[in-house]
Amino acid sequence: MQSYVISENNALLSELCAGARNVASDVTAVVFGDGAAAAECGADHILTCPLEESGSPEDFAKAIAEEILKSDAACVLVGNTILGRALAGKLSVYLNTAVFATISSLTSEDGKPCFERTVFGGTAVNKQVIETAYSVFTVNSGIFAAAEGTGACTDIAPIAGAASASLKRVSKDEKRETAVNLVAAKRIVDVGRGLAAQEDLAMCEKLASAIDGEVGCSRPIAENNKWLPKSSYMGITGVQVKPDLIICTGVSGQVQHIGGINKSKVIVAINKDKSAPIFKNCDFGLVGDMYKIIPLLTEKLS
Ligand SMILES: Cc1cc2nc3c(=O)[nH]c(=O)nc-3n(C[C@H](O)[C@H](O)[C@H](O)COP(=O)(O)OP(=O)(O)OC[C@H]3O[C@@H](n4cnc5c(N)ncnc54)[C@H](O)[C@@H]3O)c2cc1C
């Protein structure tokens, strides 16, 4: 079994390489642009796709598939980004297989890839073994811990096939949101709908700065209220984090949110409702008003 890992994001690529090692001893990374920049991702081989300014990774789907088809069997891990998802879909067509989206684990069972993913809105885990020769998975950041000290890959070569674009970009409007790297954060203040107003975020930011952490949130804070960037929300459809400490403030603890934070080492919950589900999923619980507790905690920890 050969493994291929593909992402336009080099940090994610390192995590995918670590996950791919669970099923294959030989890992090839496919990168877009400078191969040397990804040399330490942990792959044995790197194939570079020369991405033009107006191009997209999906333009290389056929070329990448032709490369994968040189192996009798292959497991393909694609970073679950907007560009990655488009590429994964096309790859699955060329490889005549399905895409298994947002997996939460990948192992080998009798030499076959075996994966898990949460289903039914996070209430159940589905485990499947792949029987076909080729399989394509999309993987969020934070699922696999990037291997460290793997050394630089020296087998870097351009992909044989060429890009073939079915779409032409006519303009580009850069997103202006500041991305927070919650996956790398050691401490997080998690803000939920208990926060009454956007300006009160300053209170949570002060607590985050007192513990040298980052601010993350539940989905409604980012998706509905738009008080924080979408990249800040945690959960089964958001970022999956594993900090040493997470302080959940005004978060009810719905299963879809818990699915993104339950690998944290220590979970502290502050909620004024003592029957909130978050208290079943935390190490320390404080029943009370976050508007009273957060300033006191910040003062103590500063
Ligand atoms: C398919 C699907 C996928 C989803 N994916 C995600 C996901 O990835 N991530 C995610 O976060 N959500 C996700 N959701 C939404 C999820 O179901 C919940 O609606 C959401 O997590 C609730 O966010 P919340 O806890 O901030 O808000 P609420 O559930 O409204 O909870 C607010 C909490 O704040 C408390 N509170 C209020 N005032 C105070 C105060 N002054 N002091 C202390 N506590 C206070 C309340 O007691 C309450 O418990 C998904 C939903 C679906 C259907």
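The values are calculated or read from the model by the stated rules, or taken from the named source; none is laboratory data. Note that this is a predicted model, so its numbers are computed, not measured. Using ideal geometry, Cβ is built from the backbone for each residue, glycine included, and neighbour counts are taken over all protein chains shown.
Report, by residue number, each residue of the stretch 218-234 that is assigned to a loop (DSSP other than H, G, I, E, B) and among the small types (Gly, Ala, Ser).
Hit for the stretch 218-234 is SER218, nothing else.
Could you look through the stretch 35-73, keep only residues that are of a type in the set (A, V, I, L, M) and closer than 19 Å to PHE100 by Cα, and pick out the one that is surrounded by the fewest Cβ atoms within 10 Å (Cβ to Cβ)? Spell out the reasoning first.
First, the residues of the stretch 35-73 that are of a type in the set (A, V, I, L, M): 36-39, 43, 46-47, 51, 61, 63-65, 68-69, 73.
Among the residues that remain, those that are also closer than 19 Å to PHE100 by Cα are: 61, 64-65, 68-69, 73.
Details: ALA61: 25, ILE64: 26, ALA65: 22, ILE68: 22, LEU69: 14, ALA73: 16.
For the stretch 35-73, the residue satisfying everything is LEU69.
If a residue has to be near the ligand (Cβ under 6 Å from one of its atoms) and charged (D, E, K, R) to count, how many in the stretch 218-234 make the cut?
1
Please list, ordered by residue number, the strands (runs of 3 or more DSSP E) wholly in the stretch 92-211 having 2 or more residues that are more than 14 Å from the ligand (Cβ to nearest atom).
Per the criteria, 105-109, 112-119, 124-129, 134-139, 156-158.
Can you tell me which residue among GLY253, GLY260 is touching a Gly at 6+ places or on another chain (Cβ under 9 Å) and in a helix (DSSP H, G or I)?
GLY260
Restricting to the stretch 235-254, what's the tally of residues that are surrounded by 23 or more Cβ atoms within 10 Å (Cβ to Cβ), under 22 Å from ILE82 (Cβ atoms) and within 6 Å of the ligand (Cβ to nearest atom)?
The number of residues fulfilling the criteria is 1.
Take ILE270 and decide whether it is among the hydrophobic types (A, V, I, L, M, F, W, C) and either assigned to a helix (DSSP H, G or I) or at pLDDT below 95 (or both).
Details: among the hydrophobic types (A, V, I, L, M, F, W, C): yes; either assigned to a helix (DSSP H, G or I) or at pLDDT below 95 (or both): no.
In short, no.
In the list LYS272, LYS292, LYS265, which residue meets the criterion of being among the charged types (D, E, K, R) and touching a residue at least 40 places away in the same chain (Cβ under 8 Å)?
That would be LYS272, the only listed residue that is among the charged types (D, E, K, R) and touching a residue at least 40 places away in the same chain (Cβ under 8 Å).
Taking the conditions exactly as written (of a type outside the set (D, E, K, R) and without any contact (Cβ under 8 Å) to a residue 40 or more places away in the chain), does THR102 satisfy them or not?
So THR102 fails the test.
Being charged (D, E, K, R) and out of contact with any Lys or Arg (no Cβ under 8 Å at 6 or more places or on another chain) is the filter; apply it to the stretch 211-234 and report the residue that is surrounded by the most Cβ atoms within 10 Å (Cβ to Cβ). Quick ask: steps written out before the conclusion?
Quick first cut of the stretch 211-234, residues charged (D, E, K, R) only: 212, 214, 219, 223, 226, 230.
Checking the rest, the ones that are also out of contact with any Lys or Arg (no Cβ under 8 Å at 6 or more places or on another chain) come to 219, 226, 230.
Working: ARG219: 21, LYS226: 12, LYS230: 15.
Per the criteria, the residue is ARG219.
Might you check whether a residue that is within 21 Å of the chain's Cα centre (by Cα) and among the aromatic types (Phe, Trp, Tyr) occurs anywhere in the stretch 126-136?
no
I'd like the full set of residues that are buried (at least 19 other Cβ atoms within 10 Å of the Cβ) and over 28 Å from SER141 (Cα atoms), limited to the stretch 255-275.
ASN271 - this is the single residue of the stretch 255-275 that is buried (at least 19 other Cβ atoms within 10 Å of the Cβ) and over 28 Å from SER141 (Cα atoms).
Would you call ASP190 under 19 Å from the mean Cα position of the chain (by Cα) and surrounded by 15 or more Cβ atoms within 10 Å (Cβ to Cβ)?
When the stated conditions are applied, ASP190 passes them.
Those residues that are modelled with pLDDT of 95 or more and surrounded by fewer than 22 Cβ atoms within 10 Å (Cβ to Cβ), I need them from the stretch 74-85; list them, please.
Once the filter is applied, which keeps residues that are modelled with pLDDT of 95 or more and surrounded by fewer than 22 Cβ atoms within 10 Å (Cβ to Cβ), the stretch 74-85 yields only ARG85.
Kindly indicate whether any position in the stretch 281-288 is within 11 Å of the ligand (Cβ to nearest atom) and in a helix (DSSP H, G or I).
No, the stretch 281-288 has no match at all.
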